[in-house]
Each structure stands twice: as structure tokens, then as C-alpha cells.
1. Taking the condition under 29 Å from residue 138 (Cβ atoms), outside any helix (DSSP H, G or I), assigned by TED's automatic domain parsing to the domain that holds residue 119 and more than 15 Å from the chain's Cα centre (by Cα), does residue 44 pass?
2. Just give me the residues in segment 15-27 being out of contact with any helix residue (DSSP H, G or I) (no Cβ under 6 Å at 6 or more places or on another chain) and surrounded by 24 or more Cβ atoms within 10 Å (Cβ to Cβ), in sequence order.
3. I'm trying to understand the selection: among the residues of segment 47-58, which are outside any loop (DSSP other than H, G, I, E, B) and within 8 Å of the ligand (Cβ to nearest atom)?
4. Is it the case that some residue within segment 112-133 is under 22 Å from residue 56 (Cα atoms), without any contact (Cβ under 8 Å) to a residue 24 or more places away in the chain and within 23 Å of the chain's Cα centre (by Cα)?
Ligand SMILES: Cc1cc2nc3c(=O)[nH]c(=O)nc-3n(C[C@H](O)[C@H](O)[C@H](O)COP(=O)(O)OP(=O)(O)OC[C@H]3O[C@@H](n4cnc5c(N)ncnc54)[C@H](O)[C@@H]3O)c2cc1C
């Protein structure tokens, strides 16, 4: 066999590509030649960053409705076939990674993502999976039943099966530079590719005073409203005000996908309605009302300091044209207390932008799931598979995105080894 002839070439040595190769290892034993083509100097660079370096590799509560995709029904069947229980069993029993749960979040017991990257690396090298580093696939040509892959450096590799596992467009420093679109366009015509956009990202706003809140965290709810005032998504958790002027935190990232899409579609009246208190407006009204009796002569900022951060009081009262450091609680009318309570529990922040690609954790968009068969093979191109973030399927924070990488990779490996 000539040097550059393979049975399977996986383009991209990220989470999905590495896992797909691992699941093909038994097939490799039958004499098949498998190779990972990776553009970077090492594999698993993004995987190493996941979960703040701890790798939240799956979730015991993977719910299909927590994903955005063009084919929710297919997603249900994919997750049913290779779900989080199967992933955990494979990591523990085959790759030798002991797992630990924190609530529904699953991590390696070492709480180090390098444990996961190493387990995959070791397993692949023991099972004769080859790796070519610093080789960026530039073109894929189809020639009857085989594919030729040409790299930027001018090398050509031939293969029967090709798996596109090049990831999305975010954190481009890890090698995810959106190459799937170009690689697939030449083979499929491009119409089945939904352009990548950042998802799981922060939201920015130019509302006056927001930068003064930088670093403040509060627990509450965030709802994304479109220009018609309709709620398009909501989530609950810790909201963090960013130094760039905006909001972030897991619950904000979880709803950012829809905000990004609305803004990019030209909606210039997108709002994030945030609850700054984690309580209801009725509860807050009562708390302020009682304080007005107890601390009538204190300024609002001082009187409310036991229940609200001063910056928050100042920010919200400023939006009512009231000065929190000079006006006393006694000066507030019942109507103003009601308005203040409502704003504290549903403050409308105009969303004018979103975190750049180097800040977003995943991409939305990718090759349509509908155009892949149940084993992630492009429907009308036998031998061509797409997995991981390169597929139009992205989830919320909490292990959902890596689980999609493991699920889609397992399905492709199953398809290739059974030739389906
Ligand atoms: C900071 C951060 C934290 C995250 N934390 C979590 C978490 O805790 N849990 C979770 O579920 N998800 C998390 N994610 C998301 C998760 O990392 C991704 O969804 C996942 O890595 C996608 O896997 P992938 O293999 O499809 O793509 P990637 O991991 O992006 O891998 C793609 C690979 O392809 C290579 N490549 C690209 N183009 C080419 C080419 N033309 N030729 C050859 N090679 C190429 C790249 O160099 C890269 O190695 C996080 C993401 C980020 C950025």
C-alpha cells in the first residue's frame, strides 16, 4: 500500500475527531489504516480548555430540547443511541478515565481536561491510529468511491472514508477556523451549510452606566425579547456584568444564540430583560416598603444597602431619573417603589452586540443534520461524514456540546466500520 493511502482520514484532531478515531480502533485491528489530519501542532487544543480546564465532558441529564438544530427528531435518535451513559461507560471501561459527578455535570475525577486528552492520545497511539500534525486540509476531491485530500503544504492523501471534524469558528487560536464550510462546499454545493455564528457568548450593551457594574454578579433570570417584545428564550442562574459593558455568565451564554441571530438579522431592538435580585417584584416591593419605615431618612443607596449592591441601586434609579445617593427612602412614593421593584426584577438591557469569536464557547450553524443519515454520512455522498461542531447542532453549557461531539463521532465510527 502506498504511503498516502488510507481507509479513513479524520480531518481535525479535536474532541470529535479523536473520539471517532478511538471508536474505530477495533476496526483498525482488522488491518485498516486510519489517520487524523490536524492543522495544529498538537491534538485536542480546545478540549484542553473545556470546563475552565476541568472538562465537563457530559451531563447525566442530556435533553434534546437544550440543543439548536435543524433536525430535532434525528437528534433525539442520535442521543438515544449514544447518550451520556454510554459515553461514561466508554470513558471508564475503555479509556480508563475515572469520572465524577457534580450535580448532573460529569467531569474526570482529576478535574483536569488534560486527563481526557491524554487518555485519548494514549489509546490512539496504542491502537496504531496515525496522526499528521501541522497539515491543514485545503481541498477534498471525490473520485468515484474514494477521496483525495490536498493540504495547504501541497501533500495529497487518498482515502475511502473521510470524516470532517474541523469544529466551528470560535476560539480560532485552537485551530477551529470554520474550514468545514469551504471543504464541504466543493463537494456538496454549499446550500446545506448554515453559516457559523458565535453562540454561548456574552451580550454587550451601550446603556449608560453599565460599565460601572463591571465585575458584579447577581443571581436571577434573563429573558431575550425581540423587537416585537416577544420572549424568545430564557434562562436562570448567575449574571455577570462585563468590563466591556454587557452581561455574561452561564445563563446569559445559554440564551445568547437567539440574541446573536436576531441582531444579525437586523433586529435593532433586542433586549435582555434581567432579574437583578432573584426575587419577585412583590417580594422586593415589600422589602423596600419595610425599609422605608425603618430607615426613612437614609438615602436610597444606604437604606437599601443591606439588600442590594449600591451600584445596582444607583444604576436602576438612574434609569428612573432619580439620584440614589441624595434622595431618601421617605421621598419615594408608593408608585416609585413599585416601579423600582419592577425594574429590579425585570430590567430591560438593550443588546447592541455580542462577544467576539475568541470569546464564544461554541458556534451555531454548520452542515445541516437533516442532510446526514443516522450515521452522520452526507446523504448522497457515500463515504463522506461530518461530526462535532461542524454539524448544525449546538447545545447549552453543561457538557451538552462535548456530548454531541462524542455522540456524532460514535455514530460515524459505527457507520464506517459497518460500512453504512
Ligand atoms: C473555553 C471553552 C470551554 C468549553 N467548555 C466546554 C465544556 O466544559 N463542556 C462542553 O460540553 N463543551 C465545552 N466547550 C465546547 C467544546 O469544546 C466544543 O463543542 C468541542 O470541542 C467541539 O469539538 P470538535 O471536535 O467538533 O471541534 P474542535 O474541538 O474545535 O476541534 C476541531 C479540530 O480540527 C482542527 N482543524 C480545523 N480545520 C482543519 C483543517 N482544515 N485541517 C486539519 N485540521 C483542522 C482544529 O485544529 C481542531 O483541532 C467549550 C469551548 C470553549 C471554547
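1. Details: under 29 Å from residue 138 (Cβ atoms): yes; outside any helix (DSSP H, G or I): yes; assigned by TED's automatic domain parsing to the domain that holds residue 119: yes; more than 15 Å from the chain's Cα centre (by Cα): yes.
In short, yes.
2. Hit for segment 15-27 is 17, nothing else.
3. Passing the criteria: 47, 49, 50, 51, 52, 58.
4. Yes: segment 112-133 contains one or more residues that are under 22 Å from residue 56 (Cα atoms), without any contact (Cβ under 8 Å) to a residue 24 or more places away in the chain and within 23 Å of the chain's Cα centre (by Cα).
This table checks each residue for (1) modelled with pLDDT under 95; (2) under 24 Å from residue 168 (Cα atoms); (3) crowded, with 21+ Cβ neighbours inside 10 Å; (4) not assigned by TED's automatic domain parsing to the domain that holds residue 75.
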position: 329; (1), (2), (3), (4): yes, no, yes, yes
position: 366; (1), (2), (3), (4): no, yes, yes, no
position: 373; (1), (2), (3), (4): no, yes, no, no
position: 383; (1), (2), (3), (4): no, yes, no, no
position: 409; (1), (2), (3), (4): no, yes, yes, no
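Residue-wise test of (1) farther than 20 Å from residue 316 by Cβ; (2) assigned by TED's automatic domain parsing to the domain that holds residue 148; (3) more than 15 Å from the ligand (Cβ to nearest atom); (4) at pLDDT below 95.
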site	(1), (2), (3), (4)
174	yes, yes, no, no
177	yes, yes, no, no
181	yes, yes, no, no
184	yes, yes, no, no
190	yes, yes, yes, yes
193	yes, yes, no, no
220	no, no, yes, yes
226	yes, no, yes, no
230	yes, no, yes, no
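The values are calculated or read from the model by the stated rules, or taken from the named source; none is laboratory data. This structure is a prediction, so every number in the text was calculated from the model and none was measured. Reconstructed Cβ throughout: ideal geometry from the backbone, glycine too, with neighbour counts over all protein chains shown.
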